[in-house]
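A.B. asks: Would you mind keeping the following structure in view while I ask a few things?
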Amino acid sequence: MHSVANDSNAIREEIRRFESVHPSIYAIYDLIELIPDSLIAQQIRDHVVCIE
């Protein structure tokens, strides 16, 4: 049972961490839309997806 509690706490912490960076991730996507070079924009977008 102790392991389940630890797993639940770890999951909750990861959700909190993601929610805290979520607005910044959307801001990055907004900035990517301003990049005129579509190849570079896609490469950056791919990296952001990996970070997520």
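A.B. asks: Show that you can apply the helix-only estimate: for the chain, add -39,500 (n - 2.57) for every DSSP H stretch of four or more residues, divide by all residues, and state [θ] at 222 nm to the nearest 500. Mind dumping the intermediate values first?
C.D. replies: Details: 2 runs with 45 residues, N = 52.
Helix contribution divided over all residues of the chain: -30500 deg cm²/dmol.
A.B. asks: Can you tell me the FRET efficiency between Asn9 and Cys50 if r is taken as the Cβ-Cβ distance and R0 is 25 Å, rounded to the nearest 0.05? Show your work: numbers first, answer last.
C.D. replies: On the way: r = 26 Å, r/R0 = 1.02.
Efficiency, rounded to the nearest 0.05: 0.45.
A.B. asks: Taking the Cβ of each residue in Arg45, Arg17 as the centre, tally the other Cβ atoms inside 10 Å and list the residues starting with the fewest.
C.D. replies: The order, fewest Cβ neighbours first, is Arg17, Arg45.
A.B. asks: Something else now. Computed over the Cα atoms of the chain, what is the ratio Rg over Rh, Rh following Kirkwood? Don't skip to the end; give the middle numbers.
C.D. replies: On the way: Rg = 16.0 Å, Rh = 12.9 Å.
Using Cα coordinates only, the ratio equals 1.24.
Values in this text are rule-based calculations from the coordinates and carry no lab data. Since we're looking at a predicted model, the values are computed, not measured. Virtual Cβ from ideal backbone geometry, glycine too; neighbours counted across all protein chains shown.
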